[in-house]
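Notes follow once the structure below has been shown.
Throughout, read-outs are computed from the coordinates displayed, never taken from laboratory work. What you see is a predicted model; the values in this text were computed from it and never measured. Cβ placement follows ideal geometry from the backbone for every residue including glycine, while neighbour counts extend to all protein chains displayed.
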Amino acid sequence: MTEQEVARNFNDIRRRIAEAEMNAGRKPGSVTLCAVSKFHPVTAVYDAIKCNQLLFGENRVQEAYKKFIQINEDQAIVLKPELHIIGTLQLNKVKHAVMVASCIQSIDREEVLVEIEKQCQKMHKTIKIFFEYHTGEASKSGYLDYEKLRTSVKNCAEGMYPHIIPNGFMTMAPFTHDEETVRASFKTMREIATRLKESFPLLPLTELSMGMSDDYAIAIQEGSTMVRIGTALFGPRETSEEIQ
Ligand SMILES: *Cc1c(COP(=O)(O)O)cnc(C)c1O
């Protein structure tokens, strides 16, 4: 995809997000765009930065690390972009994830929190996280069990992880064109987020990361505060192999 095509896609998607906000009666600017650059070369990230995009999502740590270290070391890039890790995290990848990302959206088990805390402590760094909850059949990622999710949130609230800022929730809808199934998945996530926010009012659980290229308009209707869009911005990925 050329730089011009990427620029056109950014204009297009930003306009559509604004329309979806308006149609849903949401405040303008209440939805953040996270540009998912996974499986695209670092040049795609540069093209997006030229469109003033400052938030990116990547799902594989090694790939993300290579691209974003290069960008962070590039003197020509004055305003450094933020990177969110959005893919399931293996424990041996946590260290590099913490080094390069400002947020890990894909927390799916307590073990990962323990390891993030350990690495952050060593680096004297705090990091934001979102809890990923499993709401759809197609993806296997996220907490499957509500009680386990609740325990993790509770542990954060009780101060077990002083270097971790629990900042919200993330989910992926099932890969189907059946709108009601997709909507039900987002609704489940929103209801669970609301319930946990009420239980732990001191945690800054403000973000609801829901919606991808094919379903972000529905997600915005259901209260998403962050959409993660790849294909609609950068075109088809160069490989379909998306398993870590
Ligand atoms: C790949 C990916 C996206 C972006 O998907 P598109 O359909 O290309 O917009 C969003 N979220 C997660 C977790 C992903 O892995």
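The table below lists the values:
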item	result
Residue 43-residue 176 pseudo-label distance in nm [points 7 Å out on the Cα-to-Cβ vector]	4.0 nm
Inter-site label distance for residue 102 and residue 144 at 7 Å from Cα along Cβ, in nm	3.5 nm
Distance violations [Cα-Cα > 18 Å] among 122/197; 125/154; 128/154; 154/187; 93/125; 67/118	122/197; 125/154; 154/187; 67/118
Pairwise label distance in nanometres, residue 77 with residue 90, each label 7 Å out on the Cα-Cβ vector	2.5 nm
Listed residues 58, 179, 207, most fluctuating in the chain (Gaussian network, C-alpha, under 10 Å)	179
Compactness relative to 2.2 N^0.38 Å, alpha carbon Rg of segment 164-238	1.18
Within a Gaussian network of the chain (alpha carbon springs, distance under 10 Å), most fluctuating of 12, 215, 108	12
Farthest positive-ward along segment 81-139 dipole, Cα basis, beta-carbon charges - from 90, 130, 119	119
Within a Gaussian network of the chain (alpha carbon springs, distance under 10 Å), most fluctuating of 46, 65, 133	46
Translational diffusion of the chain, µm² s⁻¹ [Kirkwood Rh, Cα pairs; Stokes-Einstein; 10 °C; 1.306 mPa s]	87 µm²/s
Relative packing of peptides 90-101, 153-164 - highest average C-beta neighbours within 10 Å first	90-101, 153-164
Magnitude of the charge dipole, segment 1-66, Cβ model with Lys/Arg +1 and Asp/Glu -1, debye to 20	180 debye
Charge sum, other residues only, whose C-beta stays under 13 Å from residue 37's C-beta, Lys/Arg counted +1 and Asp/Glu -1	+1
Neighbourhood net charge (11 Å Cβ-Cβ; Lys/Arg +1, Asp/Glu -1) for residue 220	-2
